[in-house]
Amino acid sequence: MWIFSSTHLHKLLFVWTRTMQSPASKSISQFASYHGSAAVLCPKDSAINPVERRRHNRQKPVVSARWQEHEGSLPSKVWKTEIPVLHKKNQRKGDDQRVSSELRKLCLEDFPAERERLERQKSALSFKAEDCEIVFGIAPCLLALTQGRRKAHNLFVKDGEASQRASVLKVCEEARRRGIQVHRVSKKDLDKMSSGRVHQGVCLRASPLSYLTVDRGIAPNKKDTPLWLVLERIQDPMNLGAILRSAYFLGVDRVASSLRHSCPLSSVVSKASSGTMEVMEVYGYENLEDMLTLKAAKGWQVVGTVGAAAVENEIPVAECSDFQMTKPTLLLIGGEGEGLSRELLSLCQTLLTIPAGRQLIPSIESLNVSVATGILLHSLLSSRRSTR
Ligand SMILES: *[C@@H]1O[C@H](CO)[C@@H](O)[C@H](O)[C@H]1NC(C)=O
C-alpha cells in the first residue's frame with residue numbers, strides 16, 4: 001500500500017512511503033522509502049525508445065538509506081545527490097529507497113500548505129507510480145488541465161524569469177484554479193522529468209491518456225459526409241503526434257487506430273501534437289478489419305493509400321486530387337515500415353496516391369507518413385467541401 005507520510009516533517013515533507021506487510025513494521029518510521037521520484041521521473045511511457053530505456057535501467061541506485069539513518073540530521077551528501085531514476089516496480093523494494101531532489105525542494109518550499117492539503121487527502125494520494133506520467137510543454141500541460149481528461153497531480157514550473165512569461169503564468173493559473181499544487185523547480189529537474197525533451201519550462205504529473213475503446217456515440221455536430229482517419233501500426237510518436245495535429249486542424253471527424261503495434265498515447269505524442277491529443281478523442285480497435293467491414297456494410301467507402309510505385313493491385317488506384325469524397329469515408333493509413341497490411345488493403349475500394357512532382361530516384365520514393373497523411377486529408381476534405 002502506498003501512503004503519504006506526514007511524520008518527521010522537519011526535513012522531508014513530501015515523501016511517499018511504503019509500509020511493510022508485517023504488523024510489527026506498520027510504523028512508518030521503521031521503513032520508509034522515498035520513491036516519489038519514480039512517479040515524477042519515470043512515467044509509464046512506452047514511447048521512450050528501448051535504447052534509452054535500457055540506458056536508464058542500467059543506472060545504479062544513487063541513494064539508498066533506511067529511514068532510521070535519516071532521523072535527526074540528514075547527511076548533507078544525501079541532499080546533494082542527483083535525482084535518481086527508477087524503472088522497475090520491484091526496484092522499489094528493500095534498499096532501493098531514494099530521495100528526489102525536486103521533491104526535497106518542494107518540501108522546503110511548500111511545507112505548510114502542502115502538509116495541510118495532503119493530510120486531508122491522505123487516501124487520495126495513495127496513487128501508484130504506474131498511474132502517472134509527465135506531460136511536458138506549454139500547450140500539452142495547459143490543455144491537459146483545461147480538458148480535464150487526465151487526473152492532474154502536480155505542476156512543475158521552471159524557477160526564475162521564465163516562470164513569469166504569460167503562457168507559463170496561464171498554465172499556473174489553470175492549475176491553481178483546480179487546486180493543483182504548483183512547484184518551482186530547476187531547469188535541470190525539468191530536463192530530467194521530460195527525459196531531456198523540450199519542456200518549455202513546464203511539466204505536469206498526471207494520469208496517462210489511453211485510446212478510447214467504447215464508442216462515445218455520434219459527435220454533436222454530425223457531418224453528412226464524415227471522414228474517419230484509420231491508422232494501422234503507426235509506431236513513431238512524433239509521427240502520431242503530427243498526424244493528430246493535422247487531423248484536428250483539417251477537421252477529421254474521428255481518428256481510429258489499431259491497438260496492437262501502435263504507439264501509445266504518450267506525453268511525447270501529446271507534445272508532438274502540440275496538445276491536440278488532449279482534446280481529440282482517439283479510438284483504439286483490437287480488430288480494425290471488423291470495424292471496417294461493419295462500416296462498409298453501412299455504406300461507408302474504404303479508401304486506402306499506396307506509394308506511387310506499388311500499383312500491381314486489382315483495386316483501382318487514383319491520384320488523391322482526382323478523388324471526390326461523396327460518401328462517408330474511412331481513410332486508411334499504414335505504419336512507417338510496412339504500410340497497410342494485406343488484410344486491410346483487401347477491404348479497400350479505392351487506393352489513393354500522391355503524385356510526385358519529379359522523376360524519383362529509386363529508394364527515395366516515399367513521403368514521411370505524417371506529411372502524406374496531411375496531404376491526403378487536405379485533398380479529401382477539400383473535395384468534400386466542393387461536393388456540398
Ligand atoms: C515525419 O515527420 C514528422 C514531422 O511532421 C517528424 O516528427 C517525424 O519524426 C518524421 N518521421 C520519420 C519517420 O522520419
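What follows is calculated from the coordinates using simple rules that are stated; it is not laboratory data. Because the structure is predicted, anything quoted here is derived from the model rather than measured. No Cβ is skipped: glycine too gets one built from the backbone with ideal geometry, and neighbour counts run over all protein chains shown.
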One finds, for Asp322 and Asn368 with R0 = 30 angstrom and r their Cβ-Cβ distance, a FRET efficiency to the nearest 0.05 of 0.85
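Quick check: from the Cα gyration tensor, does the range 236-320 come out rounded (a/c under 1.5), prolate or oblate? Write down the numbers at each step before the final one.
On the way: a/c = 1.91, a/b = 1.53, b/c = 1.25.
Prolate.
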Taking R0 as 51 Å and r as the Cβ-Cβ distance between Lys187 and Ile375, the FRET efficiency 1/(1 + (r/R0)^6), rounded to the nearest 0.05, comes to 0.85
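Report the local net charge at Met291: Lys and Arg +1, Asp and Glu -1, summed over other residues whose C-beta lies under 13 Å from its C-beta.
Working: positive: Arg254, Lys295, Lys298; negative: Asp215, Glu232, Glu286, Glu289, Asp290, Glu343.
Around Met291, the surrounding residues sum to -3.
Kindly provide the Kirkwood hydrodynamic radius of the range 159-213 in Å, to one decimal, from all pairs of distinct alpha carbon atoms.
Mean inverse Cα-Cα distance, inverted, gives 12.5 Å.
Based on DSSP, what percent of beta bridges with both residues in the range 270-388 are antiparallel, to the nearest 5? Before the final figure, lay out each step's value.
Numbers: 1 of 10 bridges.
Among the beta bridges of the range 270-388, antiparallel pairing accounts for roughly 10 percent.
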Other residues with Cβ under 13 Å from the Cβ of Cys348 give, with Lys and Arg +1 and Asp and Glu -1, a net charge of -2
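Rounded to the nearest 0.05, what FRET efficiency do Leu294 and Ala356 give with R0 = 35 Å and r taken as the Cβ-Cβ distance? Could you check?
Working: r = 35 Å, r/R0 = 1.00.
Step by step, r from the Cβ atoms, then E = 0.50.
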Packing-ranked peptide list from 322-333, 227-238, 178-189, highest mean Cβ count within 10 angstrom first, is 227-238, 322-333, 178-189
The Cα extents of the range 227-386 along the principal axes, largest first and rounded to whole Å, are 40, 38, 32
Note on the range 227-386: contact order normalised by length, alpha-carbon pairs under 8 Å, 6 or more apart, percent, works out to 29 percent
With the range 189-278 reduced to its Cα atoms and the Debye formula applied, log10 I(q)/I(0) at q = 0.11, 0.21, 0.24 1/Å amounts to -0.36, -1.10, -1.31
Of the listed links Lys151/Lys187; Lys187/Lys271; Lys192/Lys271; Lys295/Lys327, those spanning more than 21 angstrom between alpha carbons are Lys151/Lys187
